[in-house]
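Everything on this sheet refers to the single structure shown next.
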Amino acid sequence: MTKILWLVQAVGNAALAGLVWVWLGLGDAQIWQLALTAVLGLFVVCAALWLHGGTLASFRLGFAGWGRAARSLPWLVLWLVMVVAACWAVVRFGKTAGPWLAPVVVLLFLPPACALSTDGLRGLFGKEGWRPFSNWRFLVLAPVVAASAGFVGYQLIWWVPAVSGLTMQAVSVGLRFGLAYLIVVSAWVAILFFVGRSAKAA
């Protein structure tokens, strides 16, 4: 199942990135364009929440978790608002350390996201949703994996190998960005695995 969920994440996130690119290119001169921008933006947000919430729920419940996550979308939207607000506060008031602390905030909000994805609001009041905070894989491995993937991905993207010609430069950029993407996706799936499996009832 992990391989299938990794493939779903790899394809799904790439598709979402493509939709965001389309969304950014939409005009706003006409009413229908504004309406299309709003509808597509809402679709992208809900699809992203379902993709990641469904993956979390699947690691805990199996493939039935996708249906649970779909029914919990309103709660996941509220969760996203809280995450964005918390990250904004950290960046705004955290001074130099703020941007580095924002990913930590996202990690800390993942166990509640798993609880909401599987059981809705009532999941926050059950012990299963908070089990990751007492699991060493989430507390230790998840930050290590996130930091390592971020560092390697950053180095790959900004690495400029000594190649000549526009064609070789384009190939180099494509390979480096593609490899960085796969590394980040793999790390993200591993983190969701740590959260979902540690929340799973024994």
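The values are calculated or read from the model by the stated rules, or taken from the named source; none is laboratory data. In this text, all values refer to a predicted model and were calculated from it rather than measured experimentally. For neighbour counting, all protein chains shown are included, and Cβ atoms are generated from backbone atoms with ideal geometry for every residue, glycine included. The protein model used for the area step is the full one, side chains on, heavy atoms only, and it has no ligands, DNA or RNA in it. Shrake-Rupley method; radii C 1.70, N 1.55, O 1.52, S 1.80 Å.
Fully extended, how many nm does the chain gain between Thr167 and Phe133 (0.36 nm per residue separation, minus their Cα-Cα distance)?
On the way: separation 34, 0.36 × 34 = 12.24 nm, distance 4.85 nm.
Gain in length upon complete extension: 7.4 nm.
Heavy atoms only, probe 1.4 Å: what % of the accessible area of the stretch 1-118 goes to carbon and sulfur, would you let me know?
Heavy-atom surface of the stretch 1-118 belonging to carbon and sulfur, 1.4 Å probe: 80 percent.
Ranked highest first by average number of other Cβ atoms within 10 Å, how do 90-103, 17-30 line up?
By packing density, highest mean first, the sequence is 90-103, 17-30.
If you average the sequence gap of Cα pairs under 8 Å that are 6 or more apart and divide by the length of the chain, what percent do you get for the contact order?
Value for the chain: 23 percent.
How large is the accessible surface per residue of the chain, computed with a 1.4 Å probe and reported in Å² as a whole number? Could you put the intermediate results ahead of the total?
Working: 11940 Å² over 202 residues.
Accessible area per residue: 59 Å².
In terms of the ratio Rg/(2.2 N^0.38 Å) built on C-alpha atoms, what value belongs to the stretch 79-202?
For the stretch 79-202, the normalised Cα radius of gyration comes out at 1.31.
Does a label point 7 Å from the Cα of Ala64, set along Cα-to-beta-carbon, have any residues of the stretch 85-127 with amide nitrogen under 15 Å, and which are they?
Counting backbone N atoms under 15 Å from the label point, the list is 118-120.
Multiply the residue gap between Gln33 and Leu7 by 0.36 nm, knock off their C-alpha separation, and tell me the result in nm, one decimal place.
Extra length from Gln33 to Leu7 when fully extended: 6.1 nm.
Using unit Cβ charges (K, R positive; D, E negative) and no other charged atoms, how large, in debye to the nearest 20, is the dipole of the stretch 75-202 about its Cα centre?
200
Report the extension gain between Val104 and Leu182 in nm, rounded to one decimal, defined as 0.36 nm multiplied by the number of residues separating them, less their alpha carbon distance.
26.0 nm
I want to verify the translational diffusion coefficient of the stretch 27-144 in µm²/s; compute it with Stokes-Einstein, Rh as the Kirkwood radius over Cα pairs, at 37 °C and 0.692 mPa s.
Answer from the Stokes-Einstein relation: 210 µm²/s.
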